[in-house]
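Rule-based calculations on the coordinates, nothing more; no lab input. All values reported here derive from a predicted model rather than from experimental measurement. So basically every Cβ, Gly included, is an ideal-geometry build from the backbone, and we count neighbours across all protein chains shown.
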Amino acid sequence: MKEEDLDTVLVPSGVLVLTFYHLWLIFTIINNPKRTVIGINAETRHRWVYCLMADPLKNGVLAIQTLRNNIMASTLLATAAITLSSLISVYVSTSDSLSSQIVYGNKSSIVSSVKFFAILLCFLSAFLCNVQSVRYFAHVSFLITVPPTDNIDSIEYVAQNVIRASFFWSLGLRAFYLSFPLFLWIFGPIPMFLCSCFMSFLLYFLDTTASILRDLYDLSSKEESQCSDLESVHHSSLSVRFECPDHTKPLLGMNGSG
């Protein structure tokens, strides 16, 4: 195989490895969320919102401090992403030759431009995802301290916003992970392909949960306290309290989609 043809074979292969892994991850999160760290974290945050909103006057300070820490972390990643994007843009615009002697592969200027554009697009995606995470966390900081009403949808809306903020945080962090193979592509397609395989192998252990952790989570879910049982209490109370005078059907139904 010619040296110039390595990019057309190894780079798409590395991209396919990362794509297949993330498709599997999305499928697992939807169908078996307890097998993934993202799914367990989403369910835990859902229960956390119900626990805090059971007594917002008592737990308001804890909620605001937790949200503030998440906003600071998202802001830090967003700042790093936009700074790296600016540095890459300045380097590309001022560099006369983007090829290097240590690169083993296609050294054409078009391929070099595609490399830097892919890295730039990755960091811009990380920036936008972290900005959206800050947006949702800032919105939740106002809603979570509001005294809950008898409407279960109001608490569910806050919980869904917290989960969306955590999902955007995960996407922003994942964009930083994916920038490593793209960055190594500057030095050739072989390091890029090897990094893609290693990154998929590493992310598998970071994204999945062990069986003992799933058993402990199921055990803690069964031993629910009064705080974690708030959702079921609200469901039972709403079915009686929000009933029409003619006993036809409740005025408010359960809306799990948020």
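In the stretch 1-59, taking the dipole from charged Cβ atoms about the Cα centre, the farthest positive-side position among Asn41, Thr28, Val11 is held by Asn41.
Here the simple spin-label model places points 7 Å from the Cα toward Cβ, and for Val146 and Ile26 these points are separated by 3.2 nm.
Wrap a convex hull around the Cα atoms of the stretch 122-214, take a quarter of its surface area, and give that in square nanometres.
On the way: hull surface 32.7 nm².
Computing the convex hull of the Cα atoms and averaging its projections yields 8.2 nm².
Put in order of Cβ neighbour count within 10 Å, fewest first, the listed residues Met199, Met53, Met72 become Met72, Met199, Met53. Each of Lys115, Lys58, Lys34 was scored by other Cβ atoms within 10 Å of its Cβ. Listed from fewest to most, they are Lys58, Lys34, Lys115.
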